[in-house]
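> Handing you a structure now.
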Amino acid sequence: MALCPAAGLIEALVGESEILDRYVAELRKRSSARGVLRLRRALNLKRDYPPEAYFAAISRALEYGLYDLGRVEKLIIDHVAGDFFQLVQEQDQ
């Protein structure tokens, strides 16, 4: 008997952080059907970005009730922008 696709995704996401566990539970509540697409996207974000940035963004998203994973990815990118990109801001003259 095969597990549903969501079960494997949930297993890969939960158990590492209480914050992430809560976020996954809330994400599933707000998803249609089993939330496979959203869970897959959350797992891809976890795999693609540094853990510190990922967990900081998930924590902030949970705090503000943000479940749009495109916006969560923007939070992650904003967090790592200084680490990977040397952005020079122009001073007003």
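No value in this document is a laboratory result; all are computed from the given coordinates. This one's a predicted model, so the numbers in the text were calculated from it and none came from an experiment. Neighbour counts run over all protein chains shown; Cβ positions are idealised from the backbone, glycine included.
> For the list (1) small (Gly, Ala, Ser); (2) closer than 14 Å to Leu69 by Cα; (3) crowded, with 16+ Cβ neighbours inside 10 Å, I need the number of the one condition that Ala6 fails.
Only one criterion is unmet by Ala6, namely (2).
> So in the stretch 9-43, with the set limited to residues that are of a type in the set (A, V, I, L, M) and more than 20 Å from Ala53 (Cβ to Cβ), which one is surrounded by the fewest Cβ atoms within 10 Å (Cβ to Cβ)? First the steps, then the outcome.
Let us first name the residues in the stretch 9-43 that are of a type in the set (A, V, I, L, M), namely 9-10, 12-14, 19-20, 24-25, 27, 33, 36-37, 39, 42-43.
Okay, now just the ones that are also more than 20 Å from Ala53 (Cβ to Cβ), so 9-10, 25, 33, 36-37.
Numbers: Leu9: 22, Ile10: 22, Ala25: 11, Ala33: 8, Val36: 18, Leu37: 15.
Top of the filtered list is Ala33.
> Looking at the structure I just gave you, is Gly8 of a type outside the set (Asp, Glu) and assigned to a loop (DSSP other than H, G, I, E, B)?
no
> On to the next question. In the stretch 27-78, how many are under 15 Å from Glu11 (Cα atoms), assigned to a helix (DSSP H, G or I) and among the basic types (Lys, Arg)?
Selection size over the stretch 27-78: 6.
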